[in-house]
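Peer 1: One structure follows; several queries about it will come next.
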Amino acid sequence: MFFSENHAPTPLEAIIDEHTTKAKVKLFVKRDDLIHPSVSGNKFRKLKFNLLEAKKLGKDTLLTFGGAFSNHIHATASAGKLMGFKTIGIIRGEEHLPLNPTLAYATEQGMQLHYIDRTSYRQKAEPAFIEQLKAQFGDFYLIPEGGTNALALKGVAELPAEIDIPHDYICCATGTGGTTAGIISTAKATVLGFSALKGNFLQKDVQKLLGRPYPNWAMVNDYHFGGYAKKKPELEEFIDWFNTTHNIPLEWIYTGKMMFGVYDLMKKEFFREGSNIVAVHTGGLQAVGKKV
Ligand SMILES: *Cc1c(COP(=O)(O)O)cnc(C)c1O
């Protein structure tokens, strides 16, 4: 079965350029973007134990939530199909035709899409609302927005043990905080979560997901570039430079902002000399049309 096979550890690629040399650090990219062709990056890890649990419970349908450009919707549609589940995607906002590539892909995988207005969407975690969905769609296994729950953390928690070199930092992009919390829970290094959203509420969200204090992490809130899915020319220039120099594509919603932040912190001499830094490439490239 798809997830029950242990996938090989994703590659760790050394990144050497004038900035890493000047900062006297070693930088590695953990290529979770290569984890699977259509179940991208961290979404693969977050779905793994959820889908195994859904099978164990004998469920035949998965229901989840997301925005129109959600990597999680894309990944759930694909993994659901590969594991023989029906999938239902509850999408925030109105339908826009033609469907964008994310939703067109989800539909092609057999995902049934339902659109709800932003006010209803805010109730997505409330029991009464979930009951209403069960009355409408029948029984399903519920995966929350972004795929973040305890089983998602368990999947991501497998990542740090795959890093087979000494390392001082693990850096990753933070959206809902599930990936960051999962990494923190088993990391033997300092974890830096780079917020893709404006504000500093993610500190609390990650803390809540962890359930107890951990000493080994911090949120970095300075590289959101105006907010979720917002971008600026200097971010795009950096992404182009990084891709040209290292032949690794990034997107501007999550991984581009994280890597921009890592380079800026290197330039500001945040990392002490001799540090080994692992930056996790959480995937998401299909959302910007880089690959499917
Ligand atoms: C969803 C996503 C994230 C954010 O993950 P969370 O667990 O929600 O914090 C980071 N990077 C990419 C590429 C993503 O698709």
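Peer 1: Which numbered condition trips up L151, out of (1) assigned to a helix (DSSP H, G or I); (2) away from the ligand (no atom under 13 Å from the Cβ); (3) touching a residue at least 40 places away in the same chain (Cβ under 8 Å)?
Peer 2: The single condition L151 does not satisfy is (2).
Peer 1: If you check every pair at least six apart or on different chains, which have Cβ atoms under 7 Å apart with a residue in region 247-258 that is within 18 Å of I16 (Cα to Cα) first and a residue that is more than 10 Å from the ligand (Cβ to nearest atom) and part of a loop (DSSP other than H, G, I, E, B) second?
Peer 2: Pairs that qualify, where the first residue is within 18 Å of I16 (Cα to Cα) and the partner is more than 10 Å from the ligand (Cβ to nearest atom) and part of a loop (DSSP other than H, G, I, E, B), are P249/K290.
Peer 1: Further question on the same structure: Could you please find all residues in region 195-233 being open to solvent by 60 Å² or more (accessible area, probe 1.4 Å), not in a helix (DSSP H, G or I) and not small (G, A, S)?
Peer 2: K198, N200, F201, R212, P213, P215, D222, Y228, K230, K231, K232
Peer 1: If you don't mind, another one. For N42, work out the one condition from (1) within 23 Å of the chain's Cα centre (by Cα); (2) in contact (Cβ under 8 Å) with a residue 60 or more places away in the chain; (3) more than 16 Å from the ligand (Cβ to nearest atom) it doesn't fulfil.
Peer 2: (3)
Peer 1: Kindly evaluate D205 against the criterion of being more than 20 Å from the chain's Cα centre (by Cα) and modelled with pLDDT of 95 or more. Reasoning before the result, please.
Peer 2: On the way: more than 20 Å from the chain's Cα centre (by Cα): no; modelled with pLDDT of 95 or more: yes.
For D205, the condition - more than 20 Å from the chain's Cα centre (by Cα) and modelled with pLDDT of 95 or more - is not met.
Peer 1: Separate question: Quick one: count up the residues across region 50-76 that are assigned to a helix (DSSP H, G or I), hydrophobic (A, V, I, L, M, F, W, C) and within 18 Å of G175 (Cβ to Cβ).
Peer 2: We begin by selecting, within region 50-76, every residue assigned to a helix (DSSP H, G or I); these are 50-56, 71-76.
So of that shortlist, the ones also hydrophobic (A, V, I, L, M, F, W, C) come out as 51-52, 54, 73, 75.
From the residues that got through so far, the ones that are within 18 Å of G175 (Cβ to Cβ) too are 73, 75.
So the count comes out to 2.
Peer 1: Would you check which residues across region 37-64 are farther than 21 Å from F137 by Cα, surrounded by 24 or more Cβ atoms within 10 Å (Cβ to Cβ) and of a type in the set (S, T, Y) and list them?
Peer 2: Matches in region 37-64: S40 only.
Peer 1: For residues that are out of contact with any strand residue (DSSP E or B) (no Cβ under 7 Å at 6 or more places or on another chain) and aliphatic (A, V, I, L, M), scanning just region 160-188, find the one that is farthest from the ligand (Cβ to nearest atom).
Peer 2: This residue is A161.
Peer 1: Is it the case that A135 is without any contact (Cβ under 8 Å) to a residue 24 or more places away in the chain and under 30 Å from N216 (Cβ atoms)?
Peer 2: Answer is no for this residue.
Peer 1: Restricting attention to region 77-119, and to residues there that are assigned to a strand (DSSP E or B) and of a type in the set (K, R), which single residue is nearest to the chain's Cα centre (by Cα)?
Peer 2: Applying the filter and picking the extreme gives R92.
Peer 1: Working carefully through the options E273, E269, find the one that is over 23 Å from K43 (Cβ atoms), touching a Lys or Arg at 6+ places or on another chain (Cβ under 9 Å), assigned to a loop (DSSP other than H, G, I, E, B) and open to solvent by 50 Å² or more (accessible area, probe 1.4 Å).
Peer 2: Exactly one of E273, E269 is over 23 Å from K43 (Cβ atoms), touching a Lys or Arg at 6+ places or on another chain (Cβ under 9 Å), assigned to a loop (DSSP other than H, G, I, E, B) and open to solvent by 50 Å² or more (accessible area, probe 1.4 Å), namely E273.
The values are calculated or read from the model by the stated rules, or taken from the named source; none is laboratory data. These numbers were taken from a predicted model, which means no experiment stands behind them. Heads up, the Cβs are rebuilt from the backbone with ideal geometry, glycines too, and the neighbour counts pull from every protein chain shown. Protein only, heavy atoms only, side chains kept; ligands, DNA and RNA dropped before computing areas. Shrake-Rupley method; radii C 1.70, N 1.55, O 1.52, S 1.80 Å.
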